[in-house]
Amino acid sequence: MELPHVQASEGRALFMKTNSTGQIFANFTFPVPNNRTWNLSSGIYLGLTGQPVQIDPKNMTIVAEPNSFVASKENVTVTYTITVKNNTKGIFALFLYLCGESPLIVGLNESEVSPDVYNQFFNAVYHCGVISGSTPKMNIIGYSNLISKIIDIDSNNTIKSVQTLGSVTNKVPSGNSTNSITQHNAAQPFPRNLVTPLKQLQMGIQAQNVICDWSGFELILKSEDGSPACVSSQTAQILMERGWGHFPLRLR
């Protein structure tokens, strides 16, 4: 993984209070049901650079439920539970599944974090393995006791703006059906004012960091020029099979 020096960037960060428990709700869909078992290896690390060092479980833990699933049905909902203890504060690297790491900021607000730290996360380049057409796709569908924010760092290396995307306090309904997930999103909608990938590029967001709509669309990059597009999972699969594009490669 390489961390290039940059002066301006934008990306997403998660915030939670110390001595608290937060949850991330994710929906995994299976483009090719094949009865394969997939294991989740989520983790919270002390930093982004160098050899990853997982935080002491006495201070912070992350548990995925379920922590594995079989790709034999349409989708499954996974709940990641993060528990912070012992007055732990700081900036940590959160790894959920396959694609990259995001900053998890505990007990601090955005102004208490150096822009250089944000830049490290938002501009990290991950050397990834090949993602096949049968790889399950993850979509974050909600949070509990966590706040997701878009942080914009300007060319003077200061925070230009902060946009709160949402903080969900109600748990996702039980069951893994698509209908229950849709109902949850309808009850707790996320703002959609980032709109199109082109608009985000004009704002200075890098193509691999473009944020797609919360209704199940995914980011795919055009093979020819790397330009971003937000498409449904089914369309993404078709475009990949035709060689039109690929998913952004941001693995650890």
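Any read-out appearing in this document is the output of simple, stated calculations on the displayed coordinates, not a laboratory observation. What you see is a predicted model, and the numbers here were worked out from it, not measured in a lab. Reconstructed Cβ throughout: ideal geometry from the backbone, glycine too, with neighbour counts over all protein chains shown.
For LYS137, what charge total do you get from the other residues with a beta carbon under 13 Å from its beta carbon, if Lys and Arg give +1 and Asp and Glu give -1?
Overall, the nearby charge balance is -2.
Past 28 Å, Cα to Cα: identify those pairs from LYS85/LYS137; LYS17/LYS58; LYS58/LYS137; LYS17/LYS222; LYS17/LYS73; LYS137/LYS160, in the order given.
LYS85/LYS137; LYS58/LYS137; LYS17/LYS222; LYS17/LYS73; LYS137/LYS160
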